[in-house]
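Read the structure below first, then the notes.
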Amino acid sequence: MNASLPRRTLLAGLAALPAAAALGQQAPAPQPATGPHSLAALPYAFDANEAAIDARTMELHWRFHHGAQVANLNTALRGQEELGRLPLDEVLMNLPRASDATRTAIRNNGGGHANHTMFWEIMGGRGGEPAAGPLMEAITRDLGGMGELRNRFNAASMSVFGSGWAFVTVDREGRLALTTRPNQDNPLMDGQRVLMGNDLWEHAYYLRYQNRRAEYVGNWWNVLDWQKIAARHEAARQGTLRV
Ligand SMILES: [Fe+2]
């Protein structure tokens, strides 16, 4: 199934998630997004990442998990004019300005929106490694090369207890570092920007892999789009990388 659907359709049926997901039904009547944030179409078909992630997982993950986070973020931002006007990265860098009643919801759902937006962007490729250039140089300089990056990133991914993410962060000089976060936290909350990251929640892999996170983490490298990741690296150096 192609992911190029109207935005109104993409957010359809979020309230009916369990029934629709369990039965594999078409989502019920559309519920328009109301608020500053929206769920973008995937940049590829649901089966584009079959080398690591099955099409059904891709659809459920994007439509319902990410979609719900967008809807919940918009709900949490209602009535907060200052935060509501900010782009997503600045929302996450200004969580202390959220009301006490909404801060946790904005953190969880805004973080989830940023994490998943990045996650979809960097996949859809065929793995391998970056072309020679600033990104490859940074991987060699800061992380010990591609083999060391994979080994350390996979180990970090396995060290996350429960749900969370593994990331490579990038600064304005293009320097890289490995890190992890629990839940839907994002390094933007600490003023750091993300080059790439992997979703370690069970919803990201359970249909195909069940409890075998290591297998999922290992296969994930097969669907990375290194051109997209290199573009993010360049954007970070230019100061234009957002989420
Ligand atoms: Fe996820």
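The values are calculated or read from the model by the stated rules, or taken from the named source; none is laboratory data. Since we're looking at a predicted model, the values are computed, not measured. Virtual Cβ from ideal backbone geometry, glycine too; neighbours counted across all protein chains shown. Heavy atoms of the whole protein, side chains included, go into the accessibility calculation; ligands, DNA and RNA do not. Shrake-Rupley method; radii C 1.70, N 1.55, O 1.52, S 1.80 Å.
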- Query: Out of (1) closer than 19 Å to E90 by Cα; (2) over 16 Å from the mean Cα position of the chain (by Cα); (3) open to solvent by 40 Å² or more (accessible area, probe 1.4 Å); (4) not β-branched (V, I, T), what's the single condition that is false for A235?
  - Reply: (3)
- Task: For residues that are among the charged types (D, E, K, R) and away from the ligand (no atom under 12 Å from the Cβ), scanning just region 190-201, find the one that is surrounded by the most Cβ atoms within 10 Å (Cβ to Cβ).
- Result: R193
- Message: Anything in region 45-80 that is closer than 21 Å to M123 by Cβ, open to solvent by less than 30 Å² (accessible area, probe 1.4 Å) and in contact with a Gly (Cβ under 6 Å, 6 or more places away or on another chain)? List them, or say none.
- Response: Q69
- Task: Using the structure shown, decide if A231 is of a type outside the set (S, T, N, Q) and within 19 Å of W120 (Cα to Cα).
- Result: yes
- State yes or no: is D89 within 19 Å of N183 (Cα to Cα), surrounded by fewer than 21 Cβ atoms within 10 Å (Cβ to Cβ) and away from the ligand (no atom under 14 Å from the Cβ)? yes
- Output for region 94-123, where each listed residue is of a type in the set (A, V, I, L, M), touching a residue at least 60 places away in the same chain (Cβ under 8 Å) and either closer than 13 Å to G197 by Cα or open to solvent by 30 Å² or more (accessible area, probe 1.4 Å) (or both): A114, M118, I122, M123
- Flagged in region 202-218 as surrounded by fewer than 19 Cβ atoms within 10 Å (Cβ to Cβ) and within 16 Å of the ligand (Cβ to nearest atom), in numbering order, are E202, H203, Y206, L207, R208, R213
- Query: G162 fails exactly one of the following numbered conditions: (1) within 16 Å of the ligand (Cβ to nearest atom); (2) loosely packed, with under 15 Cβ neighbours inside 10 Å; (3) farther than 28 Å from A55 by Cβ. What is the number of that condition?
  - Reply: (3)
